[in-house]
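J.: Here's a structure for you.
The values are calculated or read from the model by the stated rules, or taken from the named source; none is laboratory data. Treat the numbers as computed from the prediction; the structure is a model and nothing was measured. Note: ideal-geometry Cβ built from the backbone for every residue, glycine included; neighbour counts use all protein chains shown. Each accessible area value is taken on the protein alone, full model and side chains, heavy atoms only, with ligands, DNA and RNA left out. Shrake-Rupley method; radii C 1.70, N 1.55, O 1.52, S 1.80 Å.
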Amino acid sequence: MPQEDFIDQFAIQRVITEYAWFVDRRDWDALVATFADTVVVDYTAMSGGEAETLSGPEQVDRWRRELGVLDGTQHVVTGVIADVTGDTATATANVLAWLRRDNVPGGRLWHNGGTYEFELRRVGERWRISRLVARAIWIEGNIGVFAQ
């Protein structure tokens, strides 16, 4: 494998790890930088609805509101496998997610395991996420942790 391929693989793994890291630390400004100008976000396999195309800042603002009610989250992303073609890439990864909110009826945890599917674009010297699809393998706990 050429050295450039290893560099791209690492850079893609890095931006995917940053995405999860910044969500869990509520570093919203840094999270914006992981996304392309527009991003398709598809959680339909987990929660129904429709995939949406938003700007990076719009998506981050949505998560700020939705996740802001929680006391904490942890997303563990492993096994990132990326395929690069020029300035575009696809990647898959395993994910485990725990979302916690104390003092809600029905229990304080909602958690799941599944996969992420990403599409990415090279923007300047950085890879940025342009599509994120979450697919649940299992879901447990109290979805009520998100109640406003």
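J.: For the chain, take the longest principal axis of its alpha carbons; what is the angle in degrees between that and the long axis of helix 56-67, to the nearest 10 within 0 to 90?
T.: Compared with the principal axis, the helix lies near 30 degrees.
J.: On a full-extension model of 0.36 nm per residue, what is the gain between residue 98 and residue 69, subtracting their alpha-carbon distance, rounded to one decimal in nm?
T.: 9.0 nm
J.: Which value results when the Cα radius of gyration for the range 100-140 is divided by 2.2 N^0.38 Å?
T.: 1.77
J.: Using the beta-carbon distance between residue 21 and residue 83 and R0 = 25 Å, what value does 1/(1 + (r/R0)^6) give for FRET efficiency, to the nearest 0.05?
T.: With a Förster radius of 25 Å, E is 0.60.
J.: Which percent, to the nearest 5, of DSSP beta bridges fully inside the chain are antiparallel?
T.: Once the DSSP bridges in the chain are tallied, antiparallel ones form about 90 percent.
J.: OK, next. Provide the per-residue ³J(HN,Hα) series for the range 101-106, in order, calculated from phi with Karplus coefficients 6.51, -1.76, 1.60 and θ = phi - 60°, each as a whole number of Hz, with x at glycine and proline positions.
T.: Here the 3J(HN,Hα) series is 8, 6, 6, 10, x, x Hz.
J.: Here's a follow-up. Using the charge dipole of the chain (Lys, Arg: +1 at Cβ; Asp, Glu: -1 at Cβ; taken about the Cα centre), state which of 89, 15, 113 has its Cα farthest towards the positive end.
T.: Comparing the listed Cα positions along the dipole, 113 ranks first.
J.: Could you pull out every residue, at least 5 positions away or on a different chain, whose amide H is within less than 5 Å of the one on residue 36? Hs are placed 1.01 Å off N in the peptide plane, and Pro or chain starts have none.
T.: Close amide H contacts, sequence-distant or interchain: 129, 130.
J.: Pop a pseudo-label 7 angstrom from the Cα along the beta-carbon direction at both residue 137 and residue 125 and give the gap in nm to one decimal.
T.: 3.7
J.: In debye, nearest 20: dipole of the chain around its Cα centre with unit charges on the Cβ of K, R (+) and D, E (-)?
T.: 440
J.: Determine the sum of side-chain charges near residue 21: Lys and Arg each +1, Asp and Glu each -1, restricted to other residues whose C-beta is under 15 angstrom from that of residue 21.
T.: Summing Lys and Arg as +1 and Asp and Glu as -1 gives -1.
J.: Give the label of the value calculated from the structure for Cα extents along the principal axes in Å, choosing from (1) 53, 37, 27; (2) 53, 27, 27; (3) 43, 33, 26.
T.: Given (1) 53, 37, 27; (2) 53, 27, 27; (3) 43, 33, 26, the structure-derived one carries the label (2).
J.: For the chain, which whole-number percentage of the solvent-accessible area (1.4 Å probe, protein heavy atoms only) is attributable to carbon and sulfur atoms?
T.: On the chain, the fraction of accessible area on carbon and sulfur atoms equals 50 percent.
J.: OK, next. Peptides 41-53, 127-139: what's the order by average Cβ count within 10 Å, highest mean first?
T.: Sorting 41-53, 127-139 by mean packing, highest first, produces 127-139, 41-53.
J.: Would you mind getting the accessible area per residue of the range 23-148, heavy atoms of the protein chains only, 1.4 Å probe, in Å²?
T.: 54
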